[in-house]
Structure formats: C-alpha cells, structure tokens
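All remarks here apply to the structure that follows.
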Amino acid sequence: MKFTETLTDVIEPAQVNQIMQAIKEAEQIVITTHLSPDGDAIGSSLALYHFLKRNGKKVRIIVPNSFPYFLKWMEGAGEISVAEYNPEAARHILMQANLIFSLDYNIHKRIGLMAPMLESSPATKILIDHHLFPGNGFDIVASHPEISSTCELIFRLLFQAGKYEELTKTEAECIYCGMMTDTGGFTYNSSDPEIFEIISLLLRKEINKDTIYSQVFHNYSAERFRLLGYTLSQRMEIYPDLHAALIWLSKEDQAMFQFSKGDTEGFVNYPLSIKGIIFSTFIREDEGLIKLSFRSQLSFPCNEFAFDFFNGGGHLNASGGEFYGSLEMALKTYSEGLKKYEKLLKQSMNKD
Ligand code: 5GP
Ligand code: MN
C-alpha cells in the first residue's frame, strides 16, 4: 500500500526498538493511565493491552478511579482494575511488575493515589503521552505534544515496529475511539493529514467508525440531557467583552438530575459555539474537591490559566485543574483570573 509509506516516524526509531525490547524482556506488564480516564486513556490502554496479550504477555491495566459508562463497550473494559476500589491490590500489582506503561499523562500526580505506588515499584517505566512538560521518574519518555492523542501514538508505535499487518479489529477500534474523543470527533486539533491516513489504515481493519461514534456520543441518559439544558439556561455566565463564558454546577444541581459519572462530559465545549467566545470554563463541585475544565480557541492558552489559578494544566486549547475549597471560592478565583487575563483574552481574539 503506497500511502502507508508516507507516515512520518514521529517516535524516534531507536526508541521504538528500545520499547519493543523492553516488552520482549518483561514477564509482567502493567498499563496505567490518568484519573477520571477518558476515551483516549482507556482506548490507548486497551489497544496496547490487547496487543501485548496477543503476544503472550501477562498484562493488566490499572486506573486510579472509575471511568464512564460510554467507554465500557470496548473489549476488555471489564478486565480493568480500579485502584480506588482496592488500593492494596493495586500496590501489589505495581510492585510485582517488570514493566509499567504510563499512558496519556505526563506527571505522577495525574494518577492520584497510584503515584507513590508507581514511584516505589522497581519496574522499568515507559511514558507514552501527548501532554506538554513530561515529568521525572520515567526510564523511556515518548512525549509528543504535537500529536493529538495517545491512541495515535500507540498506533504509530505499533506501525513503526512493523506490527500493522497483525493489528486486530479490536485494537483498531480502541485506537480509533481515543483519536476520535480527543479531537471532539475530528472537529479540533486534527488537521494533520496523517491523522486521516491513520484512520484509513484503521478502517482497513474493518472497524465501523459510525458505530464507535454512536457508542460514545449517542449513549447518554435522558437525565444528562436535562442537566445540560439546566446548565445552559440556569448556570451559564457570559462575559462578552472578555470573550469568555462560564458554566458551573453545585452538588445539589447534579443531584436533581441523578448525576452519574461522565454525564457532564463535553459540557464545557458548548459555550464555545457562541459567537465571539474563545474561552470556556466549567466548574463542577465533586466529592471533596472542585473540578475544573477549560477549553479555548485560537491562541488563548487555557492551560496557563489552569496552571496559574487551579493547580492544573493540559493542552493549549483543552485543559483542567482542581480547587480545594468551596464552590463560591472557586468562582471567586475564576473571576480574579479573568481580570488578570483580560488583556490576553482581548489580544487573542483580535490577533488570530
Ligand atoms: P477534561 O476537561 O476533558 O477533563 O481535560 C482536558 C485536558 O486537561 C486533558 O488533556 C487532561 O489531561 C487535562 N487535565 C484535566 N484535569 C487536569 C488536572 O487537574 N491537572 C492537569 N495538569 N491537567 C488536567
Ligand atoms: Mn489524551
């Protein structure tokens, strides 16, 4: 196939060999991914999991906490261990591993209660990720912020290692899922032509991309939609001069609509559809903390806002953070942040 030859070697070929060699030598492999795992986290973990298992490896996936129902259709999702449910078992699995993969996160803090377990494990540690600023504590670092999903990196790793021919439909489905979710169904961060060359290669594995889309995006409860309607009509603030919009939800708001994990996924994107808005924030009261999601357009760096005010980070146009305190205090901190970023917000709107 002519076009397969055009994929760039994004991962250093020497590093591909190093990773494949580490896999060859390992007996027990553990795959880890970030808190509140999303489609890219679960998709990349499962794709690698199936590949390793098919190649005769003993492999497990451990995630810090549970993941939403619309990701559970992926084959193998039921075999994923959740550390929060049994921290001692998670510690044991990580301590026994020879090789640990860290997928879709850049620093240990992003795996919550698993961070000290990972740090004390004697295993070789391989990071494969697309967030800026990879942290310490990894033996092999394949960090590519220019790539829009970790799933794409897993594809590239296997492709570069000459494993495309043997890639299964199941693996292709998991990879496609994360490429799709991390780009909002290829609506942002997805203008690199090679993304579509990779999709073409995945389709050749007979995946049904329309079914995958439906399983993820057409699988919500009616309550989620009522909650979305409520959020946009009752809990949205627009700051037209600053090109910013805020939505927020208290615990009581969520309880009114039988909130279930994943129900608010994607809410933060809606205000960006409003003409003139380039910065959207979603503040949600969670168990013991306030969780924040940020999205931006053009050159406005929402990851810097997340870092400066909410101990967070992420990508230029999609980031998140946390706040320990009341919802009122989080809202106040946001307002102060907006004031500090006023100039940059106005500039970002006009410059691009
Ligand atoms: P989401 O808003 O979908 O939860 O997250 C968007 C992006 O921000 C993801 O790439 C995610 O990895 C990153 N992110 C979310 N929450 C946090 C956080 O608390 N800290 C950091 N550093 N990044 C986060
Ligand atoms: Mn990702």
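For the stretch 47-83, which positions are out of contact with any strand residue (DSSP E or B) (no Cβ under 7 Å at 6 or more places or on another chain), part of a helix (DSSP H, G or I) and touching a residue at least 60 places away in the same chain (Cβ under 8 Å)? Matches in the stretch 47-83: A47, H50, F51, R54, Y69, F70, L71.
Residue under question is K109, and the condition is that it be touching a Ser or Thr at 6+ places or on another chain (Cβ under 8 Å) and basic (K, R); does it hold? So K109 fails the test. Given the structure, is L71 open to solvent by less than 10 Å² (accessible area, probe 1.4 Å), among the hydrophobic types (A, V, I, L, M, F, W, C), within 19 Å of M180 (Cβ to Cβ) and in contact with a Pro (Cβ under 8 Å, 6 or more places away or on another chain)? Answer is yes for this residue.
Just one of the numbered conditions (1) farther than 30 Å from L118 by Cα; (2) open to solvent by 40 Å² or more (accessible area, probe 1.4 Å); (3) in contact with a strand residue (DSSP E or B) (Cβ under 8 Å, 6 or more places away or on another chain); (4) not in a helix (DSSP H, G or I) is not true of V141: (1). For the stretch 108-131, residues that are open to solvent by 10 Å² or more (accessible area, probe 1.4 Å) and either outside the structural domain of A41 (by TED's automatic domain parsing) or under 13 Å from the mean Cα position of the chain (by Cα) (or both) total 2. Scanning the stretch 218-260 for residues that are among the hydrophobic types (A, V, I, L, M, F, W, C), under 23 Å from the mean Cα position of the chain (by Cα) and surrounded by fewer than 13 Cβ atoms within 10 Å (Cβ to Cβ) returns a single hit, F225. Within the stretch 155-182, residues that are of a type in the set (V, I, T) reach partners that are away from ligand 1 (no atom under 16 Å from the Cβ) and assigned to a loop (DSSP other than H, G, I, E, B) with beta carbons closer than 8 Å, at six or more positions or on different chains, in the pairs T168/K205; T170/E75; T170/G76.
Taking the condition over 20 Å from T187 (Cα atoms) and within 9 Å of ligand 1 (Cβ to nearest atom), does A306 pass? Answer is yes for this residue.
Among the criteria (1) in contact with a helix residue (DSSP H, G or I) (Cβ under 7 Å, 6 or more places away or on another chain); (2) open to solvent by 20 Å² or more (accessible area, probe 1.4 Å); (3) away from ligand 1 (no atom under 13 Å from the Cβ), the one G78 does not fulfil is (1).
Residues checked against (1) assigned by TED's automatic domain parsing to the domain that holds R54; (2) under 17 Å from the mean Cα position of the chain (by Cα); (3) within 16 Å of G262 (Cα to Cα):
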{"site": "S66", "(1), (2), (3)": "yes, yes, yes"}
{"site": "F70", "(1), (2), (3)": "yes, yes, yes"}
{"site": "E75", "(1), (2), (3)": "yes, no, no"}
{"site": "Y85", "(1), (2), (3)": "yes, no, no"}
{"site": "A90", "(1), (2), (3)": "yes, no, no"}
{"site": "L94", "(1), (2), (3)": "yes, no, no"}
{"site": "N98", "(1), (2), (3)": "yes, no, no"}
{"site": "S102", "(1), (2), (3)": "yes, yes, no"}
{"site": "Y105", "(1), (2), (3)": "yes, yes, no"}
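Here is a yes/no grid of residues against (1) within 16 Å of ligand 2 (Cβ to nearest atom); (2) closer than 15 Å to A172 by Cβ; (3) modelled with pLDDT of 95 or more:
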site: F67; (1), (2), (3): yes, no, yes
site: L71; (1), (2), (3): yes, no, yes
site: G76; (1), (2), (3): no, yes, yes
site: E79; (1), (2), (3): no, no, yes
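Say we look at the stretch 251-303 and pick out the residues that are acidic (D, E) and within 12 Å of ligand 1 (Cβ to nearest atom); which of these is nearest to V216 (Cα to Cα)? Looking at residues that are acidic (D, E) and within 12 Å of ligand 1 (Cβ to nearest atom), I get E265.
Residues that are of a type in the set (D, E, K, R), farther than 28 Å from F133 by Cα and in contact with a strand residue (DSSP E or B) (Cβ under 7 Å, 6 or more places away or on another chain): find the helices (runs of 4 or more DSSP H) completely inside the stretch 234-352 holding 1 or more of those.
Passing ranges, in order: 251-256.
Among the conditions (1) more than 15 Å from I247 (Cα to Cα); (2) more than 16 Å from ligand 2 (Cβ to nearest atom), K291 misses just one, which is (1). Residues in the stretch 149-186 that are within 16 Å of ligand 2 (Cβ to nearest atom), of a type in the set (S, T, N, Q) and in contact with a helix residue (DSSP H, G or I) (Cβ under 7 Å, 6 or more places away or on another chain): S149, T150, T181.
Under the condition of being outside any helix (DSSP H, G or I), touching a Phe, Trp or Tyr at 6+ places or on another chain (Cβ under 8 Å) and within 18 Å of A142 (Cα to Cα), the residues counted in the stretch 1-46 number 7.
Residue by residue, here is whether (1) without any contact (Cβ under 8 Å) to a residue 60 or more places away in the chain; (2) open to solvent by 30 Å² or more (accessible area, probe 1.4 Å); (3) over 17 Å from D38 (Cα atoms) holds:
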{"residue": "G262", "(1), (2), (3)": "no, no, no"}
{"residue": "G288", "(1), (2), (3)": "yes, yes, yes"}
{"residue": "S293", "(1), (2), (3)": "yes, yes, no"}
{"residue": "S326", "(1), (2), (3)": "yes, yes, yes"}
{"residue": "M329", "(1), (2), (3)": "yes, yes, yes"}
{"residue": "Y334", "(1), (2), (3)": "no, no, yes"}
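The values are calculated or read from the model by the stated rules, or taken from the named source; none is laboratory data. The structure presented is a predicted model; accordingly, all values stated were derived computationally and were not measured. Cβ sites come from the backbone with ideal geometry, for glycine too, and all protein chains shown count toward neighbours. Ligands, DNA and RNA are stripped out before the accessible areas are found, and what is left, the full protein with its side chains, is counted by its heavy atoms. Shrake-Rupley method; radii C 1.70, N 1.55, O 1.52, S 1.80 Å.
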